[in-house]
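Please read the structure below before turning to the comments.
The values are calculated or read from the model by the stated rules, or taken from the named source; none is laboratory data. Quantities reported herein were computed from a predicted structural model and do not represent experimental measurements. Cβ sites come from the backbone with ideal geometry, for glycine too, and all protein chains shown count toward neighbours. With ligands, DNA and RNA removed, areas are computed over all heavy atoms of the protein, side chains included. Shrake-Rupley method; radii C 1.70, N 1.55, O 1.52, S 1.80 Å.
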Amino acid sequence: NNTIGGTAPFEYSIDGGTNYVSNNSFTGLGAGAYQLIIRDAFGCESAIGLVNLGETLDQTPPTLVCQNATVNLDGSGQASIFIADVLVSANDNCTNSADLIVNLSQNTFDCTDLGNVDLIITVIDEEGLASTCTTQVTVSGAALTNSDNDALPDICDPDDDNDGVDDVNDAFPLDPTE
């Protein structure tokens, strides 16, 4: 017993004093509000208060601030981003920021993603409440070699010399006259 004051033995009620039991542990309770009262050996009662079970007290989803990002494809036509590249901040009224779950709809990019890609960032708190924001990732191949100046880097271009013959079938893939 953790009861302070009064005279033992104590009895406990969770229905506003209608029924009392000698044990201060209750099991099998469903969600709802319970009025907890303690009664001592002389019949003196002390209302502890209303206890809510099974209700989510936190009903506020996290707040987040997102930003756009640019990634450059590497020599193999691949790029990736990290959460910090697109998520400026994430905060919650009940969950520590370090304990928030952050998901990105995509974090790796390749030649098929050249241009602007919509990215969805989802942040979930410990109560399962979620917030999202949509940001844009610009996937660039500008730093890569582009033999035929057609806006596609060679690693992404099936026809590097722009002669109408795919490189896999072109005996001279960098010579448009051949």
Legend entry - Selection count where residues are open to solvent by less than 50 Å² (accessible area, probe 1.4 Å) and either of a type in the set (S, T, N, Q) or modelled with pLDDT under 95 (or both), scope segment 72-99: 5
Legend entry - Test: residue in segment 32-43 that is closer than 24 Å to residue 128 by Cβ and either modelled with pLDDT of 90 or more or of a type in the set (Asp, Glu) (or both): no
Inset, instruction - Go through segment 44-54 residue by residue and tally those that are in a strand (DSSP E or B) and either surrounded by fewer than 13 Cβ atoms within 10 Å (Cβ to Cβ) or not hydrophobic (A, V, I, L, M, F, W, C) (or both). - result: 7
Inset, instruction - State the number of residues belonging to segment 111-123 that are touching a Ser or Thr at 6+ places or on another chain (Cβ under 9 Å) and surrounded by 14 or more Cβ atoms within 10 Å (Cβ to Cβ). - result: 6
Legend entry - Any pair with Cβ under 9 angstrom, 6 or more apart, that starts in segment 146-159 at a residue that is in contact (Cβ under 8 Å) with a residue 24 or more places away in the chain and ends at one that is of a type outside the set (S, T, N, Q) and outside any loop (DSSP other than H, G, I, E, B): 147/154; 148/154; 152/111; 153/111; 155/111; 156/110; 156/111
Inset, instruction - Report, ordered by the first and then the second residue, all pairs with beta carbons closer than 7 Å, sequence separation of six or more or different chains, a first member in segment 92-115 that is under 22 Å from residue 156 (Cβ atoms), and a second member that is at pLDDT 95 or above and in a loop (DSSP other than H, G, I, E, B). - result: 107/81
Inset, instruction - Please enumerate the residues belonging to segment 63-87 that are in contact with a Leu (Cβ under 8 Å, 6 or more places away or on another chain) and more than 30 Å from residue 155 (Cβ to Cβ). - result: 64, 65
Legend entry - Single unsatisfied condition, residue 41 versus (1) open to solvent by 80 Å² or more (accessible area, probe 1.4 Å); (2) small (Gly, Ala, Ser); (3) more than 36 Å from the chain's Cα centre (by Cα): (1)
Legend entry - When residues of segment 162-172 are limited to those that are modelled with pLDDT under 70 and within 25 Å of residue 139 (Cα to Cα), the one surrounded by the most Cβ atoms within 10 Å (Cβ to Cβ): 167
Inset, instruction - May I ask you to list the residues in segment 104-129 that are closer than 18 Å to residue 65 by Cα and in contact with an Asp or Glu (Cβ under 6 Å, 6 or more places away or on another chain)? - result: 125
